[in-house]
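Below: the structure, in structure tokens.
Please treat every number below as a calculation from the coordinates, not as lab data. All values reported here derive from a predicted model rather than from experimental measurement. Using ideal geometry, Cβ is built from the backbone for each residue, glycine included, and neighbour counts are taken over all protein chains shown.
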Amino acid sequence: MSPETPEDVEIRWAGPGDRAAIAELVLQTKRHYGEEPAPAAAIEAAVADWLAQKPGHALFVIAHVDGAPAGYASVAVTPPGMGLCAALYMKELFVSSEARGHGIGHRLLAFIARYCVDQDIERIDLTTAVDNDAGIRFYERAGATVQKQKIALRFETASLRRLAGEDHQGE
């Protein structure tokens, strides 16, 4: 794979017809990060649900190189909070191992940035592991700044269930 001209790379919003391609890239993402992947059929079913048009759910951008899926980003637009403009949260950006080093990640980011500019979205927010030096350098080269004034917090399944149960106890 050596995409040397813009014609070799296609970046676009994913649709329901991209279910299998996104599912394969999600499987590659899980393997890349050393996570135990779910069965392929379960991943594909989840992706089909994610790709359904539902308010407040993720949008996927997919990259193809020579017609083969090469990477993706999952994003969600959040409504304005303190400001008057929306923000975009990028949950994941992944490029397959054979497509890395050819600017695919940068092209995915540029596609998302164009969308933000066109839609008057004021910023892209994302997180990455604190020890992901290569990823941090990648995002900084693209123009991102490290935000040290906030800390990431997470409610995982067990804490979600506890919190949901507490919410219903007062009713």
Q: Select from segment 38-53 the residues that are among the small types (Gly, Ala, Ser) and closer than 15 Å to residue 74 by Cβ and write down the one among them that is surrounded by the fewest Cβ atoms within 10 Å (Cβ to Cβ).
A: 52
(Q) Which residue is surrounded by the fewest Cβ atoms within 10 Å (Cβ to Cβ), if the candidates are limited to segment 93-143 and must be over 25 Å from residue 8 (Cβ atoms) and among the hydroxyl-bearing types (Ser, Thr, Tyr)? (A) 127
Q: Please find, within segment 79-92, the residue that is surrounded by the fewest Cβ atoms within 10 Å (Cβ to Cβ) out of those that are hydrophobic (A, V, I, L, M, F, W, C) and in contact with a strand residue (DSSP E or B) (Cβ under 8 Å, 6 or more places away or on another chain).
A: 85
